[in-house]
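The block underneath contains the structure these notes are about, expressed in structure tokens.
The values are calculated or read from the model by the stated rules, or taken from the named source; none is laboratory data. All values reported here derive from a predicted model rather than from experimental measurement. Positions of Cβ are generated from backbone atoms using ideal geometry, with glycine treated the same way; all protein chains shown enter the neighbour counts. For accessibility, only protein heavy atoms count, side chains too; no ligands or nucleic acids. Shrake-Rupley method; radii C 1.70, N 1.55, O 1.52, S 1.80 Å.
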Amino acid sequence: MDMDKEIMDKLHGIEQENNFTILLAVESGSRAWGFESKNSDWDVRFIYVHKPEWYFMVDPQRDVIELMEGNIDIVGWELRKALALLKRSNPSLLEWIHSPIVYYADEEFMGRMQCAATQFNNPIASMYHYNRMFNKHNQHYLQRENCDMKRFLYYLRGILACKWIEANKTLPPVKFDDLVNATIEYENLRTRIDDLIRMKKKGEEHGLSVVDSALMDYARNLADYYNEKIGDFRPELRDRPSTVLDALLYDMVFSHNKENQRQKASD
């Protein structure tokens, strides 16, 4: 079966089972970044909205869907949860919104979310997120002679994301080759990264390889720089009232209420 169709069939089943509407479904992780292996999982992420009555319950309701079926890892966030994370400039959510692999998107929702993502962008939060990412992978996976290609690419991606954020104060490109081309000025290093990605795509998910020493030295030096720089990275942040997010929540809840739509059509 075509993988896109299989994923969409699973998402439709989740919608029917839970009686909500999916507003956005995308690919996340290595496939969205562009350095998946032959046996990489599909990391499907989506945002969904309930019927209006769900939002008028006193007791807290479940606002996350998590499902692993074979090699498809599916995670969904309820709309209000997603908007609260957007207000805090959650980098994972921002990557979903800008994923180059989109399985489904409500056009109005996507446009308004991307606009809101720009308004609520917090480069300090993003810098800390990617700094933690590269330090985690260095500490847990790179302290050995032979290096897991996947973990090194995660490590390098976190470092280059910090470099992008320092220069542009915006969300880094989701596609790794765009990030590399925008942040690494040395053609020989870009060539070595391309070679590493080709090896990873031909191999297994956790294939081991000796990373080129010049590339490793470049990454280590940048990592040291951003570990020192992060404490002083304090660009000015704009005041960001949540009224635009409140309006988006209201509009999506009521515009996607099927019963309400049918009632309007019969009037």
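With an 8 Å cut-off on Cα pairs and a minimum separation of 6 or more residues, tell me the relative contact order of the chain in percent. Could you put the intermediate results ahead of the total?
Working: 340 pairs, mean separation 59.3, N = 267.
Reported as a whole number, the value is 22 percent.
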Checklist entry - Normalised by the residues of the stretch 163-233, what does the relative contact order come to in percent, with Cα pairs under 8 Å and at least six apart? => result 22
Checklist entry - What residue among 27, 107, 15 has the largest mean-square fluctuation in a Gaussian network model of the chain, using Cα springs under 10 Å? => result 107
Next on the checklist: As a test question: what accessible area, to the nearest 10 Å², does residue 67 have when a 1.4 Å probe is rolled over all protein chains in place?
Outcome noted: 60
Checklist entry - To the nearest 10 degrees, how steep is helix 213-229 against the longest Cα principal axis of the chain, on a 0 to 90 scale? => result 60
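Quick one: putting +1 on the C-beta of Lys and Arg, -1 on the C-beta of Asp and Glu, what dipole do you get for the stretch 30-103 around its Cα centre, in Debye to the nearest 20? Could you put the intermediate results ahead of the total?
Details: 9 positive and 11 negative charges, 61 e Å.
Using Cβ point charges on Lys, Arg, Asp and Glu, the stretch 30-103 gives about 300 debye.
Hey, what's the stretch 97-255 come to in accessible area per residue, 1.4 Å probe, Å²?
Working: 8230 Å² over 159 residues.
Counting only protein heavy atoms, the per-residue value for the stretch 97-255 is 52 Å².
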Next on the checklist: Spelling out what I want: for every residue of the stretch 148-158, take phi, set θ = phi - 60°, compute 6.51 cos²θ - 1.76 cosθ + 1.60 (Karplus), and round to whole Hz; glycine and proline get x.
Outcome noted: 5, 4, 4, 5, 5, 5, 4, 4, 5, 4, x
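In the chain, carbon and sulfur make up what percent of the accessible area (probe 1.4 Å)? Spell out each step's value before the answer.
Details: 6510 of 13690 Å².
Exposed carbon and sulfur together represent 48 percent of the surface.
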Checklist entry - Which of 97, 124, 14 moves the most in a Gaussian network model of the chain with Cα springs under 10 Å? => result 14
Next on the checklist: Compute the angle between helix 3-18 and the longest alpha-carbon principal axis of the chain, please, reported from 0 to 90 degrees and rounded to the nearest 10.
Outcome noted: 40
Item to check | Area accessible to solvent at residue 183, 1.4 Å probe radius, in Å² | outcome: 10
Checklist outcome for this item: Unit-weight point scatterers at every alpha-carbon of the stretch 1-113, Debye formula, q = 0.10, 0.13, 0.18, 0.20 1/Å: log10 I(q)/I(0) is -0.29, -0.49, -0.94, -1.15
Next on the checklist: Strictly over 29 Å apart at the Cα level, which of 5/150; 38/169; 81/136; 5/136; 10/169; 10/163 would you flag in this model?
Outcome noted: 38/169; 5/136; 10/169; 10/163
Checklist outcome for this item: Relative to the chain, whose Cα atoms define the longest principal axis, helix 187-202 and its Cα axis are tilted in degrees, nearest 10, by 60
Item to check | Rough spin-label spacing in nm, given labels placed 7 Å along Cα→Cβ, for residue 75 and residue 190 | outcome: 3.2
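Need one number: convex hull volume per residue for the chain, Cα atoms only, in Å³.
Numbers: hull volume 40.7 nm³, N = 267.
Each residue corresponds to 152 Å³ of Cα convex hull volume.
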